[in-house]
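As structure tokens, the structure follows; a few thoughts come after it.
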Amino acid sequence: MSNPPDQIGLRWLLAASYASVGVAFVLIAAKLVAWFLTDSASMLGSLLDSVMDSMASLINMVAVRYSIKPADEDHRFGHGKAESLAGLAQSGFILASAILLLVHCAERLAGPPSHGLENAGIGVIVTVFALCCTLGLVAVQTHAIRLTGSTAIRADSLHYKSDILLNLSVMAALAGASLGFPRVDAVFGAGIAFFIAHGAWRIGWEAFDMLMDRELPPEVDREILALALAHREVLGVHDLRTRRSGNRYHIQLHLEFADETLLLSAHTVADEVEAAIAARFPGADIIIHQDPQGVVEPERSPADAKALASA
């Protein structure tokens, strides 16, 4: 998992969101012409997918811009969860496009076979163009994700990566239909619909996890514990809690000290541990509490047990 982003990462984050919107609208125009000329069900599916992409990308762009705003008086923990809300909205748009395409393909399969597609070559050319645009966008998104770990961009990228397979399927469907197998177009279209729906589920579930404050991965918990226990004055760590909101980590933990340790000394050590964790996870919101080890040790949180068991 990537660390919270720096200013360069934030610029790439915005660039990826803008590029997504631009590519979506270019592809809508190209695929609309291709569908009008070919009357292909799979091309219609690709067109609907791009229409939904544009809506999702617009929401994503607004959410990303809002999520990187600093904390204010009304939102003391920042605005990071706007990314998760955007992810849920994207999953809804994607699922709607899958349902519309599946209904259209079912009608095609239930009806009499249609004649072969006309102007299939134009459909192939447009699909190759869409494939090149999508590959370029995914490259930009991948770099932005590497720098920021953005959930919204990851969700958007996941869908565009599925578009690569979608475009290859459209090309196969167009080729099959042009060779005298008209129903293959609808069959491929239905397969694309199920693939899109699967992507929608994954995006929605990831966004739901973040909104429900799911713990960071075990390897991150282990790193935090190791950094805290590396200080010679720290005798133990408990009640480690972690979550992610947008591009910001939130980390809470209790440090255990010898009973005779002065509060001022414990506070200094806690500051040093906080600095070590912040250096490893820049931009993280870190809260550390100091406890004398002689007190009754509280029950360890699930994160503590999971991290210590894996250490």
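The values are calculated or read from the model by the stated rules, or taken from the named source; none is laboratory data. Note that this is a predicted model, so its numbers are computed, not measured. All Cβ positions, glycine included, derive from the backbone under ideal geometry; neighbour counts span all protein chains shown.
For the reader, a short list of remarks on this structure follows.
One line per residue, one yes/no per condition, for (1) within 30 Å of Glu107 (Cβ to Cβ); (2) polar (S, T, N, Q); (3) out of contact with any Pro (no Cβ under 9 Å at 6 or more places or on another chain):
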{"site": "Ala41", "(1), (2), (3)": "yes, no, yes"}
{"site": "Ser46", "(1), (2), (3)": "yes, yes, yes"}
{"site": "Ser54", "(1), (2), (3)": "yes, yes, yes"}
{"site": "Ser57", "(1), (2), (3)": "yes, yes, yes"}
{"site": "Asn60", "(1), (2), (3)": "no, yes, yes"}
{"site": "Tyr66", "(1), (2), (3)": "no, no, yes"}
{"site": "Pro70", "(1), (2), (3)": "no, no, yes"}
{"site": "Arg76", "(1), (2), (3)": "no, no, yes"}
{"site": "Ser84", "(1), (2), (3)": "no, yes, yes"}
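- Checklist (1) in the same structural domain as Val295 (by TED's automatic domain parsing); (2) free of Cβ contacts under 8 Å to residues at least 40 places away in the same chain; (3) not hydrophobic (A, V, I, L, M, F, W, C) applied to Ser162, failing item: (1)
- Residue ID - surrounded by the most Cβ atoms within 10 Å (Cβ to Cβ), chosen from residues in region 189-233 that are assigned to a loop (DSSP other than H, G, I, E, B) and in contact with an Asp or Glu (Cβ under 8 Å, 6 or more places away or on another chain): Glu215
- Residue in region 59-75 that is of a type in the set (Val, Ile, Thr) and free of Cβ contacts under 8 Å to residues at least 40 places away in the same chain present: yes
- Subset of region 51-79 that is of a type in the set (D, E, K, R) and farther than 14 Å from Phe25 by Cα - its residue that is nearest to the chain's Cα centre (by Cα): Arg65
- Single condition Leu13 does not satisfy, out of (1) touching a Phe, Trp or Tyr at 6+ places or on another chain (Cβ under 7 Å); (2) buried (at least 22 other Cβ atoms within 10 Å of the Cβ); (3) of a type in the set (A, V, I, L, M, F, W, C): (1)
- Filter result (at pLDDT below 85 and surrounded by fewer than 12 Cβ atoms within 10 Å (Cβ to Cβ)) within region 264-301: Gly294, Val295, Val296, Pro298, Glu299
- Hits in region 235-257 - residues which are of a type in the set (A, V, I, L, M) and surrounded by fewer than 21 Cβ atoms within 10 Å (Cβ to Cβ): Leu235
- Pick from region 111-160, criterion assigned to a helix (DSSP H, G or I) and hydroxyl-bearing (Ser, Thr, Tyr), ranking: modelled with the lowest pLDDT: Thr151
- Cβ separations smaller than 7 Å between residues 6+ apart or across chains give the following pairs from region 189-212 residues that are farther than 30 Å from Ser40 by Cα and of a type outside the set (Ser, Thr, Tyr) to residues that are modelled with pLDDT of 80 or more and outside any helix (DSSP H, G or I): Met210/Arg244.
- Residue match in region 41-50 (condition: of a type in the set (A, V, I, L, M, F, W, C), touching a Lys or Arg at 6+ places or on another chain (Cβ under 6 Å), within 27 Å of Ala172 (Cα to Cα) and assigned to a helix (DSSP H, G or I)): yes
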